[in-house]
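Okay, structure first, notes after.
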Amino acid sequence: MRFGVVIFPGTWSDCDFHYVIGEVLRQPVKYVWHRDTDLGDLDCLILPGGFSYGDYLRAGAIAGRSPVVEALPDFVARGGHVLGSCNGFQILCEAGMLPGALMRNECLQYRCQSTHLFVENADTPFTRGLRPGQVLKMPISHGEGKYYADAETLRTLKARNRIVFRYCTEAGDVTKDANPNGSIENIAGIVNDAGTVLGLMPHPERAAESAMGGTDGLLLFHSLIGSLVEDGSVLKG
Amino acid sequence: MRARVFVRLKRGILDPQGAAVKRALEGLGYREVQELRVGKVLELELEGTDPGQAHGRLEEMCRRLLANPVTEEFTVEIVEDGARQRLA
């Protein structure tokens, strides 16, 4: 399975993703520059965290109109998968690949901390190896991670089971106290209707080795690789 | 031709930044402030002389990039020869 890790000016989690995919998971991985639009040889594209284009105007706004992101609808239409973490989630929302928006944290603080995530949907390629209600531990690091969607969008997300992760306590209770940024209904991650585009504020690449305090982030990759390799949908060059 | 674009959070969307600034003003003794919301002003210098056409293009710029339709609303103002002509 072939991964691409996008670099925008200002991206900061590109090396971490590249290292985890290449060195920890031993999968083929390459960097993709933000001006590249040829994604033909990839199965999964990662939009990493950071401050793309300085996050000028709004977080992810300029990256959301960049050449590589404008190539995403075609990539997804032909079976490609996209994982956007942190700034990558913001970019996917700004680009209209996922609904809603990520706004300034309600507490107004930049939050860099460990969080627990309640697995709401274990039926996406990214979460198929998990069980519903499982609790994962992953760090967040953001100032603009408050997920917002209007009531109608929220109804659609629920009806189509597109809310994948919610912030919760260690015991798995989805409470106000467990919500680090004021996200509506504790939403930490959602997918597109087909389940092939995942956006989440937490950083799976920073929870990929026990020396870093946990390996729950690897579970998303194991699920994705398992889903794509086992069902034979890994894209052919 | 010069133009100004005002981008602000939609009514009903919580503005924690505005609330924090309002509290700071209260701390300075400005207790008359009932509500405060923080927005953005973008100033543009445009080619062309047709304000109607410019206005349409500016609205398109807002829809495509300058404002996030999920959370923000915008108004566009053309500024000509120092006289302000409010168009929307």
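Heavy-atom accessible area buried between chains B and A is around 1200 Å² (1.4 Å probe, both sides summed). Would you mind checking the tilt of helix B:16-27 against the longest principal axis of the Cα atoms of chain B, expressed as 0 to 90 degrees and rounded to 10? So the helix axis and the longest Cα principal axis differ by about 60 degrees. The residues of chain A expose, per residue, 39 Å² of accessible area to a 1.4 Å probe.
Remark: for residue pairs A:Lys176/B:Lys22; A:Lys146/A:Lys176; A:Lys176/B:Lys10, the C-alpha separation exceeds 18 Å in A:Lys176/B:Lys22; A:Lys176/B:Lys10. With a 10 Å cut-off around each Cβ of B:60-68, the average count of Cβ atoms from other chains is 3.
Oblate is the label for region A:104-225, because the ratio a/c of its alpha-carbon gyration tensor axes (a ≥ b ≥ c) is 1.5 or higher and a/b is not greater than b/c.
One equal scatterer on each Cα of chain A, no solvent, Debye formula: the resulting log10 I(q)/I(0) at q = 0.08 Å⁻¹ is -0.25. Heavy-atom surface analysis with a 1.4 Å probe gives region A:3-230 a carbon and sulfur content of 50 percent of its accessible area. For the pair region A:108-168 / region A:22-61, the C-alpha centres are spaced 21 Å from each other. Using the rule -39500 (n - 2.57) for each DSSP H run of four or more residues, divided by the residues of the protein assembly as shown, the 222 nm mean residue ellipticity is -6000 deg cm²/dmol. Computed on region A:3-230, with alpha-carbon pairs under 8 angstrom and 6+ residues apart, the relative contact order is 19 percent. Is the shape of region A:141-189 best called rounded, prolate or oblate, per the rule: a/c under 1.5 gives rounded, else a/b larger than b/c gives prolate, else oblate, with a ≥ b ≥ c the square roots of the Cα gyration tensor eigenvalues? Oblate. Report the residues of region A:100-120 in range of a label on B:Ile13: point 7 Å along Cα→C-beta, backbone N strictly under 14 Å from it. Only A:100-106 fall inside the zone, counting backbone N under 14 Å.
Check each residue of region B:1-33 and keep those whose accessible area, probe 1.4 Å, is at least 20 Å² smaller with all protein chains in place than in the chain alone; give them in order of residue number. Correct list: B:Ile13, B:Leu14, B:Pro16, B:Gln17.
Using the Cα centre of the protein assembly as shown as origin and beta-carbon charges of +1 (Lys, Arg) and -1 (Asp, Glu), tell me which of A:Ala208, A:Tyr19, A:Gly145 is placed farthest towards the positive end of the dipole. My answer, from the dipole projection, is A:Gly145. Sorted on the mean count of surrounding Cβ atoms within 10 Å across their residues, most packed first, peptides A:178-190, A:3-15, B:28-40, A:29-41 read A:178-190, A:3-15, A:29-41, B:28-40. In terms of its alpha-carbon gyration tensor, region A:111-175 comes out oblate; a/c meets the 1.5 threshold, while b/c is at least as large as a/b.
The values are calculated or read from the model by the stated rules, or taken from the named source; none is laboratory data. Keep in mind that what you see is a predicted model, and the values were worked out from it rather than measured. Cβ coordinates were reconstructed from backbone atoms using ideal geometry, including for glycine residues, and neighbour counts include every protein chain displayed. Only protein heavy atoms, including side chains, enter the accessible area calculation; ligands, DNA and RNA are left aside. Shrake-Rupley method; radii C 1.70, N 1.55, O 1.52, S 1.80 Å.
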